[in-house]
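Everything on this sheet refers to the single structure shown next.
The values are calculated or read from the model by the stated rules, or taken from the named source; none is laboratory data. Every value quoted in this text rests on a predicted model; they were computed, and no experiment measured them. Cβ: placed from backbone, ideal geometry, glycine included. Neighbour counts: every protein chain shown.
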Amino acid sequence: MRLYDKVIRMCGTADFIKGLNYKVNKVKLIKTEDEDYYRRAYFNVTSERIDKNYKVEILVDKDDEEIEDYFCTCPQYEKMDTCKHIAACILKYEDALFGDDTIDPIEYQINLGSQILDNFYKPKKSTIKQKMFLNIEIETEQNYYYNNFLKVSYKIGVDRPYTLNNKYRNFMYAYSQNRPYKISSKLTYDPNEYYFDKIDKKILDYNIHIFQNGHYECIITDDDLDGFMAVLKDKTFTLNGKEYHGFLTENPFKINLTKDEESYTLSIDNMNGFEPLIEGKNYFFDKENIYKLDENIFKLYNLLNDNDIESFMFSKKDLGKFTGGLLSLLKENIHLADNITEITMPTTPTVKLYFDFYYSAVECEIKLTYGSKEIDYFSKDPGIVRDNEFESNIVQRLSNFGFTVNKAHFTLEDIDLIGEFLEKGVFEISEEYEVFTSKKIKETSIVKKTENTVSFSIGKDNILSYNFKLDGIDQSELTDVLSSLKAKKHYHRLKNGNIIDLNSDTNLQNLNELTDELDLTKTEITEGEGTIPKYRALYLDSLKQNYSTLINTSGNFDNLINKFLTYKDSDIPLDKNELKVLRDYQLIGVKWLYNIYKSGFGGILADEMGLGKSIQLIYLTKLIIKENPKAKILIIAPTSLIYNWQKEFDKFGSELKYKVFAESKTQRLNELDNIDDINILITSYGLVRNDLDKYKEIPFDLVAIDEAQNIKNPNTGISKAVKSLNANIKFALTGTPIENSLLELWSIFDFIMPGYLASKDKFQSLYNIKELDKEDNNLNRLNTQISYFILRRKKKDVVKDLPDKLENNIYIDLGKTQKKVYAAEVQKTKEELDELIQTEGWTKARFKILQLLTKLRQICIDPSIIFDNYKGESAKIDELLKIVEETKANGHKMLIFTTYKKALDLIIPKLNNIGVSSYYIDGGVSSKKRMELVDKFNNDDTDVFIITLKAGGTGLNLTSATVVIHLDLWWNPQVENQATDRAHRIGQKNTVEVIRLITKGTIEERILELQNKKRKLAELLIDNENHTENQFSKLTEDDIKMLLSMDNE
């Protein structure tokens, strides 16, 4: 019984196939032991899927060469009493199991050691390698597993051939590893001593992949045949005992066409003289040669063979089908009977190609002359026997230029292909065929360069006017030409028929770049009217050096540059007493604000919470008012902070004329009509929106917004209102310029310097950051652009005496009842989310999704926030009360932040029950009341201040507290940091401990992951050393030009 059959009988077909394909290098024979009648072999098999080794033992009866017993340590063997590892060992080590040689442990260790030494041994003297030949014997065979296949045997040698047979596997392994292998007692293959010629090496290299698939012997199946025959193309070998050399690609069949009165008969006379190497493949052999049949000849053979015929008949009416198709394929081999005079064998025709414009496309007609008759390519005249192969080559040539078939015409429609064809292709194809072009094509010019100029003038009102002077281009066509450039077209056809070579026309390319950089619309380009802000005008003038032949401008740019050079590093005129109040880093901040203000730009003061951004702005207002006593300055802040600003002015700028505008609408409007004696107006975002018409009437010298993240969404009414205010200079104050996305940073820049970071759409296309770790995410480029206009300092870097901030995440297990409620809500939420997204789509469902996720967050605090009848435990509230009691006992005051007012209402009575006193702030507490509560807490013995995150997370000074507890996590780490900095700020004398309560295995852990991602974005862009000092003072004129060009590169 063949070995394959034995293994299939023992292990089953599935494990036989897996064992057959098991990688050789993962099956190792450790040793063999011979007893009286038996041989026991020990193997080590490495798993193909996991990092695991299995021990295999096989017991063989030496006399009848039967496998008596076997064992494997794998899980499958334990269940099934067989496995693929046993099959692999038997199939790959037949010699060791059934041959005469044995392997003992010492010999195995010696051989292994020799192999290890081979990796490091280099002979001192090189030797001249001898050529080793390779003989190949092929037999056509078939069995139930492979159906038809080729069995290949190899013989190698130097003086005489040695048959590999069962040594094929071991030899191929050694060859693939470039190691020696003992073939017989007289011949050892050593790659250092022998070589194979290029043909034989190519064959052996191809066989490596067959060997690696685990074949015991070399078997060529239909999948391998093409590759195998390709390496045999120039090799002599034997097939079924007869010698062959490579294969031929010609048609071997002898074909006859005869005719009777009614029909024709086509026959293959020698069809039975050929056999396929493998059924279904196009390789055939006879007694002399092997042939690789052309695809169509093979198709004809199969059609005849499938119908068990050697000939077929067709009627005279189908003669056109025959001459128009099959005849051209058989023309080299076919013999026509003497009585067939109506068929002339195909001849090569003469060709004429006619090209003309048809609207915006180029059309081609192919005229073919067979004998004395000219026909169109699309003609169906059956009386002409056409050379299909020759005609196909013409069509392919046209196709290479981009022509396609369209309603019995060859058409070229793409303007780039048309331009390239008329410029080059028509000359190339005329070298092969006779070409005729129409008058339209002859009169079409390929324009390489146009002479264009653009005159710009900028008035004091920042209105940019321009006039295009164009060479050979109608003004109405310019936007179409520029659109072609933006679409990266190589050519553009004008209405007059001429074609512009856009790649060669640098003047047009410059014009396109200019209109794009200035964000000019199609209407503005056509009509010649548009507006740009002053810093874009500055950039326009800086382009004159590069576009000297294109641009003419007026002189307002010089004034801005002179301002910039004068003030970018000027000292600030503060007296000694004023300077004493400011810390060193605050003095740098005031100077930075002043430099930017005087240079005519805007900026973001992004110091970390608690570093005194307000005092720095107050001192800037002092400088402005000293220079211009009638200056008008507007400070916009969240409602909760407007009176905080009043207190800051009381403390640091009491000599200034300032006023809060926050009373009734009637009173506010009356007061806004009488501001002649007021320099500084303080109001809220909401009131600016409500009183916008009145505020827009006032020409402000400066508008500064506090907590500028309030305009992070550019689409809100508040953002639009604030950005519509009239001001010479605008500043933004925020400790968190980026909370969730880069678009928030764009929105703030759109306020301070509109247009500096380009349009919103262009910014999003440039900086659509999804993977922060990718090198091509453009963050470095953006960082360079914004670095001069953002000043960002952290407390740990500038306030050396500020105590540490210790952060502690406490993870809490939900109780059984709370966990059941959470799990049930998670399942319900998943189902509702799936339904929402399927029915409404992600965009429409977003707000509902947020509501569902909010429920999960509230359950993590206490399910009773949602479910009134919930009477179970709350692990987080219990942990909170323990921490509060312990903290109070240690003499510390606390801040507790939560997102939800219901949680606040839940906590207060529980604190009262354990004797802990508290104040609270939520959205219902007025601004004045908040300041009163802050003062009380900082000066009395109240233990806890409970604050909702949105109501009191910013602007409050609560340095009497030394412990900050976040009852629940907010999506954004910056918002939490702002809240924490109510205690960890200038004036704090003690270490501040920050505690986050996080329930394990819940949405809160996912929120923590999200916070870390957002924190990384802020660190990469905002918390960067480029923003820690006055970079603005280091700007050169070239820097400013570079910066103002970056948005459209």
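From Ile633, Ile678, which residue is surrounded by fewer than 22 Cβ atoms within 10 Å (Cβ to Cβ), in the same structural domain as Ile738 (by TED's automatic domain parsing) and farther than 30 Å from Ile947 by Cα? Residue meeting the stated conditions: Ile678. Summed over region 705-733, the residues that are of a type in the set (Asp, Glu) and part of a loop (DSSP other than H, G, I, E, B) give a count of 1. Residues that are over 30 Å from Leu327 (Cβ atoms), in contact with a Ser or Thr (Cβ under 9 Å, 6 or more places away or on another chain) and in contact (Cβ under 8 Å) with a residue 12 or more places away in the chain within region 216-265 comprise Glu217, Cys218, Leu239, Asn240, Tyr244, listed in sequence order. Checking Lys888 against (1) within 17 Å of Asp940 (Cβ to Cβ); (2) of a type in the set (D, E, K, R); (3) surrounded by fewer than 16 Cβ atoms within 10 Å (Cβ to Cβ), which test does it fail? Result: Lys888 fails condition (3) only. Can you find even one residue in region 81-97 that is farther than 13 Å from Met10 by Cβ, basic (Lys, Arg), at pLDDT 85 or above and surrounded by fewer than 17 Cβ atoms within 10 Å (Cβ to Cβ)? So far as region 81-97 goes, no, none of its residues is farther than 13 Å from Met10 by Cβ, basic (Lys, Arg), at pLDDT 85 or above and surrounded by fewer than 17 Cβ atoms within 10 Å (Cβ to Cβ).
Only one entry in Asp673, Asp706, Asp750, Asp693 is more than 32 Å from the chain's Cα centre (by Cα), modelled with pLDDT under 95 and either closer than 27 Å to Val590 by Cα or surrounded by 15 or more Cβ atoms within 10 Å (Cβ to Cβ) (or both), namely Asp706. For first residues located in region 986-1003 and assigned by TED's automatic domain parsing to the domain that holds Glu886 and of a type in the set (D, E, K, R), partners that are buried (at least 20 other Cβ atoms within 10 Å of the Cβ) and not in a strand (DSSP E or B) and lie 6+ apart or on another chain with Cβ distances below 7 Å form the pairs Glu993/Thr962; Arg996/Leu969. When residues in region 681-716 are screened for being over 19 Å from Lys950 (Cα atoms) and not β-branched (Val, Ile, Thr), 17 of them pass.
Scanning region 802-822 for residues that are part of a loop (DSSP other than H, G, I, E, B) and crowded, with 18+ Cβ neighbours inside 10 Å yields Leu802, Leu814. For region 182-211, the tally of residues that are of a type outside the set (Val, Ile, Thr) and either touching an Asp or Glu at 6+ places or on another chain (Cβ under 8 Å) or in contact (Cβ under 8 Å) with a residue 60 or more places away in the chain (or both) stands at 9.
The residues in region 439-487 that are among the small types (Gly, Ala, Ser) and either surrounded by 17 or more Cβ atoms within 10 Å (Cβ to Cβ) or at pLDDT 65 or above (or both) can be counted, and the count is 6.
Of all the criteria given as (1) among the aliphatic types (A, V, I, L, M); (2) in contact (Cβ under 8 Å) with a residue 40 or more places away in the chain; (3) in contact with a strand residue (DSSP E or B) (Cβ under 9 Å, 6 or more places away or on another chain), the one not satisfied by Ile865 is (3). Only residues that are over 39 Å from the mean Cα position of the chain (by Cα) and basic (Lys, Arg) were counted in region 786-838, giving 3. Set side by side, the residues Ile908, Ile921 differ, and just one is of a type outside the set (D, E, K, R) and over 26 Å from Tyr811 (Cβ atoms), which is Ile921. Across region 670-691, what is the total count of residues that are closer than 25 Å to Glu744 by Cα, part of a helix (DSSP H, G or I) and touching a Lys or Arg at 6+ places or on another chain (Cβ under 9 Å)? Counting residues in region 670-691 that are closer than 25 Å to Glu744 by Cα, part of a helix (DSSP H, G or I) and touching a Lys or Arg at 6+ places or on another chain (Cβ under 9 Å) gives 3. A Cβ distance below 6 Å, combined with a sequence gap of six or more or placement on separate chains, defines the contacts here; from region 25-37, residues that are under 30 Å from His209 (Cα atoms) and of a type in the set (Lys, Arg) reach residues that are modelled with pLDDT under 90 and surrounded by 14 or more Cβ atoms within 10 Å (Cβ to Cβ) in the pairs Lys31/Ile103; Lys31/Tyr108. If only residues of region 368-424 that are in a loop (DSSP other than H, G, I, E, B) and of a type in the set (Val, Ile, Thr) are counted, the one that is nearest to the chain's Cα centre (by Cα) is Val385. Considering every residue within region 926-946, establish whether at least one is farther than 17 Å from Arg985 by Cα, modelled with pLDDT under 90 and part of a loop (DSSP other than H, G, I, E, B). There is at least one residue in region 926-946 that is farther than 17 Å from Arg985 by Cα, modelled with pLDDT under 90 and part of a loop (DSSP other than H, G, I, E, B). Restricting Glu48, Glu33 to residues that are closer than 21 Å to Ala96 by Cα, not assigned by TED's automatic domain parsing to the domain that holds Tyr175 and not polar (S, T, N, Q) narrows the list to Glu33. Residues to consider are Lys893, Lys910, Lys876; find the one that is surrounded by fewer than 19 Cβ atoms within 10 Å (Cβ to Cβ), among the basic types (Lys, Arg) and at negative phi. Just one listed residue meets the conditions, Lys910. All of (1) exposed (fewer than 15 other Cβ atoms within 10 Å of the Cβ); (2) over 46 Å from the mean Cα position of the chain (by Cα); (3) assigned to a loop (DSSP other than H, G, I, E, B); (4) in contact (Cβ under 8 Å) with a residue 12 or more places away in the chain hold for Ile343 with one exception: (1).
So that you can scan it fast, the table gives a plain yes or no per residue for (1) at pLDDT 85 or above; (2) in contact with a Phe, Trp or Tyr (Cβ under 9 Å, 6 or more places away or on another chain); (3) surrounded by fewer than 16 Cβ atoms within 10 Å (Cβ to Cβ):
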site: Val799; (1), (2), (3): no, yes, no
site: Ala824; (1), (2), (3): yes, no, yes
site: Gly841; (1), (2), (3): no, no, yes
site: Arg846; (1), (2), (3): no, no, yes
site: Gln858; (1), (2), (3): yes, yes, no
